[in-house]
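The values are calculated or read from the model by the stated rules, or taken from the named source; none is laboratory data. Predicted, not measured: the structure shown is a model, and the values here were computed from it. So basically every Cβ, Gly included, is an ideal-geometry build from the backbone, and we count neighbours across all protein chains shown.
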Amino acid sequence: MVYRTQFPGQVSRRTLGNTARERGHALWHIKSPGLWPTASAARPGTASNSGEKLYCIPGCGRWITPAPATANIMASRLPLQNGYVLKGYTVGEVLGGGGFSLVYLASNELERHKFVIKEYCPQDLVTRNPDGSLEPNTPLSQMPFRNGLEKFRFEAQRMSTVRHPNVISVAEYFEANQTLYMVMPHEEGRDLRWFINKLAGDLDWDFMQQVFPPIGDGLWRMHQQGVVHLDVKPANVLLRTSGQPLLLDFGAAQTIDNDDRFGSFQTLTHGFAPPEQYLDGDLGPWTDIYGLAATIYNCITGTSPPPALKRREGAALEKLTVSRAGAYPYTLLKAVEDALSLDQSLRPKDMHAFLSLAFGASSHQSGNT
């Protein structure tokens with residue numbers, strides 16, 4: 001994985017450098033076994049996972065590959081025990097995690113609802129004590145652990161401010177066990193990887209209209225609040241059992257005007273990240289526009305776009321306006337091609353502009369309240 005259009009008014013472009021956030025996997029439980037691929041299964045160009053997950057540790061100067069798969073997480077003995085009670089929530093199975101977080105299914109007996117709890121747990125930096133608390137495993141781990149904790153707190157604070165029917169919300173966040181937890185509602189459904197894997201080539205115009213205008217409108221709302229997602233891809237778009245789409249996972253999110261440098265980890269997704277994310281360029285809504293267009297491209301073709309740096313070296317995109325002419329409206333195909341421009345100045349100016357070009361002027365009205 002590797003991964004901004006001017007905000008209206010007050011927000012200016014800014015280079016974010018090492019402030020890109022740790023993300024983790026799609027957080028929502030998929031009931032059917034085998035339909036939730038782990039990070040280690042992700043490879044560039046695959047229909048379902050669309051891109052290899054990479055991490056960058058500040059100062060190392062290079063990208064390293066994936067976080068542990070769920071089986072390896074369990075073997076590490078880091079997860080909280082099944083049945084552990086955490087501020088009124090009973091922790092259940094481990095749903096997954098990235099290199100810096102663990103994700104649990106949990107229940108709350110008072111509310112009789114299921115929740116997803118995300119725990120800050122950088123697996124290479126900590127050990128789990130018998131009482132459930134975490135502590136850095138060496139003196140050298142203390143500073144990166146604290147830096148990452150502040151980044152995780154930033155993520156929780158940002159997620160708690162965004163309110164949109166098609167963007168995941170945070171019910172609460174709290175400190176415990178010398179770390180931080182985020183609590184989110186559990187949502188039933190399947191993410192877009194499943195649909196791409198099963199139905200690539202058969203995801204028609206009606207499907208596109210059902211999924212992408214609401215997700216784009218949610219991203220526009222985030223942008224209006226000064227937040228960019230920076231990890232838009234099929235794994236982070238859930239189709240709920242109601243058919244309504246939901247944008248997941250703010251693990252990479254940033255504010256446009258954020259000057260803080262926590263010195264934490266970066267994550268990127270091949271195929272869904274434009275060149276400015278690889279190269280510490282200017283990040284903003286234009287970055288999310290690229291990610292959303294790449295996700296639509298993946299739905300149409302069954303494959304992710306080539307990584308942006310490979311494209312800079314000559315790797316070609318499929319020319320959708322030629323190869324898919326007749327299957328989808330020309331306006332959608334042309335908007336996706338333009339939004340996948342390596343030059344951010346050639347992409348649509350904001351998310352609503354992209355939605356209008358791709359889906360029509362009324363496509364972004366439902367969530368804009």
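Of all the listed residues (Thr295, Thr331), the sole one being of a type in the set (S, T, N, Q) and within 19 Å of Pro245 (Cβ to Cβ) is Thr295.
Here's the yes/no breakdown for (1) more than 19 Å from Phe207 (Cβ to Cβ); (2) aliphatic (A, V, I, L, M):
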residue	(1), (2)
Arg311	yes, no
Leu317	yes, yes
Tyr330	no, no
Glu337	yes, no
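Across region 117-164, the number of residues qualifying as closer than 28 Å to Arg221 by Cα and β-branched (Val, Ile, Thr) comes to 3. The sole residue among Met184, Met143 that is assigned to a helix (DSSP H, G or I) and of a type in the set (A, V, I, L, M) is Met143.
If you take the residues in region 154-166 that are within 22 Å of Leu95 (Cα to Cα) and modelled with pLDDT under 95, which one is surrounded by the most Cβ atoms within 10 Å (Cβ to Cβ)? Steps first, answer last, please.
Quick first cut of region 154-166, residues within 22 Å of Leu95 (Cα to Cα) only: 155-156, 159-160, 166.
Pick out the ones that are also modelled with pLDDT under 95 and you get 155-156, 159-160.
Details: Glu155: 27, Ala156: 20, Met159: 22, Ser160: 15.
Taking the candidates together, the pick is Glu155.
Can you find a residue that is crowded, with 21+ Cβ neighbours inside 10 Å and touching a Phe, Trp or Tyr at 6+ places or on another chain (Cβ under 7 Å) anywhere in region 233-241?
yes
Criterion applied to Phe195, Phe174 was being modelled with pLDDT of 95 or more, outside the structural domain of Thr269 (by TED's automatic domain parsing) and farther than 21 Å from Ala335 by Cα, and the one residue passing it is Phe174.
Could you name every one of the helices (runs of 4 or more DSSP H) located completely within region 252-369 that has at least 2 residues being at pLDDT below 95 and either within 25 Å of Phe195 (Cα to Cα) or within 22 Å of the chain's Cα centre (by Cα) (or both)? Give the steps one after another, and end with the answer.
On the way: elements: 275-278, 285-301, 308-312, 320-323, 330-339, 351-359.
Here the list reads 275-278.
Run down Pro213, Pro185 and say which single residue is closer than 21 Å to Ala273 by Cα and either crowded, with 21+ Cβ neighbours inside 10 Å or not polar (S, T, N, Q) (or both).
Details: Pro185 fails: closer than 21 Å to Ala273 by Cα.
Among Pro213, Pro185, only Pro213 is closer than 21 Å to Ala273 by Cα and either crowded, with 21+ Cβ neighbours inside 10 Å or not polar (S, T, N, Q) (or both).
Okay, residues lined up against (1) basic (Lys, Arg); (2) outside the structural domain of Phe354 (by TED's automatic domain parsing); (3) in contact with an Asp or Glu (Cβ under 7 Å, 6 or more places away or on another chain); (4) over 21 Å from Met222 (Cα atoms):
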site	(1), (2), (3), (4)
Leu283	no, no, yes, no
Trp286	no, no, no, no
Leu292	no, no, no, no
Ile300	no, no, no, yes
Gly314	no, no, no, yes
Arg324	yes, no, no, yes
Tyr330	no, no, no, yes
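Condition check ((1) β-branched (Val, Ile, Thr); (2) modelled with pLDDT of 85 or more; (3) in the same structural domain as Phe250 (by TED's automatic domain parsing)) across all residues:
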| position | (1), (2), (3) |
| --- | --- |
| Gly51 | no, no, no |
| Gly59 | no, no, no |
| Met74 | no, no, no |
| Val94 | yes, yes, no |
| Ser101 | no, yes, no |
| Tyr104 | no, yes, no |
| Val126 | yes, yes, no |
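Among the residues making up region 150-181, those that are farther than 18 Å from Leu80 by Cα and in a strand (DSSP E or B) are Val167, Glu172.
The set of residues in region 118-137 being assigned to a strand (DSSP E or B) and of a type in the set (Asp, Glu) consists of Glu119, Glu135. Selection of region 295-326 for residues being exposed (fewer than 14 other Cβ atoms within 10 Å of the Cβ) and among the small types (Gly, Ala, Ser) yields Gly314, Ala315, Ala316, Ser323, Ala325, Gly326.
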